[in-house]
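Data block below; observations after.
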Amino acid sequence: MITVTNVGLQYGDRKLFDEVNIKFTPGNCYGLIGANGAGKSTFLKILSGEIEPQQGDVHMKPGQRLAVLKQNHFEYEEMEVMATVIMGHPRLYQVMQEKDAIYMKEEFSDEDGMKAAELEGEFAELNGWEAESEAAVLLKGLGISEELHTKKLAELTGGDKVKVLLAQALFGEPDVLLLDEPTNHLDIKAIDWLEEFLINFENTVIVVSHDRYFLNKVCTHIADLDFSKIQIYVGNYDFWYESSQLAQRMAQDQNKKKEEKIKELQGFIARFSANASKSKQATSRKKLLDKIELDDIRPSSRKYPYVHFSPEREIGNDVLTVEGITKTIDGVKVLNNVSFTMDKEDKISLAGSDEIAKTTLFKILTGEMEPDSGSYKWGITTSQAYFPKDNSEYFEGSDLNLVDWLRQYSPEDDSDTFLRGFLGRMLFSGDEVKKKANVLSGGEKVRCMLSKMMLSGANVLLLDEPTNHLDLESITAVNNGLINYKGAMIFSSHDHQFNESIANRVIELTADGLIDKQMTYNEYLESIR
């Protein structure tokens, strides 16, 4: 258990936390959510002791251990993989080092013998004899092959380093586990394994993630950071989102009788309870859901951008034909004889581990890059809008304010009032539209690029990782906007829920060409497991 009492923190005039009182209890997994910049990562650092609050304190029972997913991927470059994982339990690792130092001595005194005996006893109590086998199980589960266990971290790829640091955090059954974006850079199999690990983990987990599917799968509670306070809600992210929307509707409908509201709430909870899986975690969550009362459901201050793509022209039967596209970059063949046709009903998710291959295909299909061989042809009724993974060229050096920046991409001579209103719906309110385009944050640039695409009226969308840099609210809005889109679409995304809720076809790019499956994303995952 970890208890937070009257914690406050302020930077200048900005109050991040104000008298936060919260208790995180064993057996639960808490998803810490909040708007970008609200202070989620800072709160994790307060819990870990890396940052001292200006008021209040954080308390754990004596003897309990807290583990944190390290964010510096280069901290252990000269350490072996196995040793790095075991360092996740600092006292155990220290005992191992002290033991080895004593046994390495050429002259072994009686005092050394007594000290060694003490260390051996503590080593056994800390389950040291199982340390290497436990570390190996964690590494294997995350996809680190056995031959890498004795390598130095400097010899590993960036993605594998992340997995080793995650194994380090999970090692030794910590009493409290803090995870900041643990699914970043993980492949599908590693995420699956991590989900199962956390579902079966019996101590306290507090996790920050932009992956809604992950939060829905592992969380028993949501810790909502809003108005400088943190409020705990029973249930996963979808339950929190739907209940906050329900609370807003109830608050707006003042004329509705309390009995009607209670009946609506009961139906709402019953629907979510019925979706609970058979896992112990979901069963306990269902029991807690059944106890929720009307006053427990509160509106959120969150604002969601308005994302709506409306094709100006109905798309014809001939959309896209790709024949034998091959492309080599820096001596590596990233696309190999890629061929497929796209129909007007298609919502295609581009899958595969090679990010360069997916981005290269997008660039070829939008005319930004020429293939080495092969061809593609767009249907005469199509018009395309493209969301690039790297949007820097659209903003660097631009001294335009947001209204004038967006005006460049407006097909008609739209008025300032129209463009301001459009930007307002994308959460650029008041004087924010006077910002220069070249000083925007990553998330603001993404919202501008989406505005540009919406103005185009295109009937085919090409989107390369459109949810990067976005907070959960914007991801949800983009997701819902694309679910309702009536045109055709090719997209790539690491967001599981995004893929599952939109795609009706998955094309996996491989070194030998492609694998084309007319199915949902979850069906595709089952087929490759």
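Residues whose amide H falls under 5 Å from that of Thr381, counting only those 5 or more places apart or on a different chain, are Gly316, with hydrogens built in the peptide plane. Averaged over its residues, the chain has an accessible area of 49 Å² per residue, based on protein heavy atoms and a 1.4 Å probe. A cut-off under 10 angstrom between Cβ atoms defines the neighbours of Ala511, and their net charge, with Lys, Arg +1 and Asp, Glu -1, is -1.
Where does helix 188-200 land angle-wise versus the long Cα axis of the chain, in degrees 0 to 90, nearest 10? Once rounded, one gets 50 degrees. Along the range 363-375 the Karplus relation, 6.51 cos²θ - 1.76 cosθ + 1.60 evaluated at θ = phi - 60°, assigns HN-Hα couplings of 5, 5, 5, 9, x, 7, 9, 9, x, 6, 8, x, 8 Hz to successive residues, with x for each Gly and Pro.
The amide H of Ile329, built 1.01 Å from its N in the peptide plane, has Val334 as neighbours under 5 Å, considering only residues 5 or more places off or on other chains.
The three principal axes of the C-alpha atoms in the chain carry coordinate ranges of 89, 67, 49 Å, sorted with the longest axis first.
Got the relative contact order for the chain handy, in percent, Cα pairs under 8 Å and 6 or more residues apart? Each step should come with its number before you reach the end.
Values: 897 pairs, mean separation 76.7, N = 529.
Computed over the chain, the figure is 14 percent.
If you sort Lys445, Lys303 by accessible surface, 1.4 Å probe, largest first, the order is Lys303, Lys445.
Atom-type composition of the exposed protein surface of the chain places 47 percent of the accessible area on carbon and sulfur (1.4 angstrom probe). With axes computed from alpha carbons, what is the tilt in degrees of helix 258-274 against the longest principal axis of the chain, rounded to the nearest 10 within 0 to 90? Helix 258-274 and the main axis of the chain meet at about 70 degrees.
The values are calculated or read from the model by the stated rules, or taken from the named source; none is laboratory data. Every value quoted in this text rests on a predicted model; they were computed, and no experiment measured them. Heads up, the Cβs are rebuilt from the backbone with ideal geometry, glycines too, and the neighbour counts pull from every protein chain shown. Note: accessible area is taken over every heavy atom of the protein model, side chains too, but ligands, DNA and RNA are not part of it. Shrake-Rupley method; radii C 1.70, N 1.55, O 1.52, S 1.80 Å.
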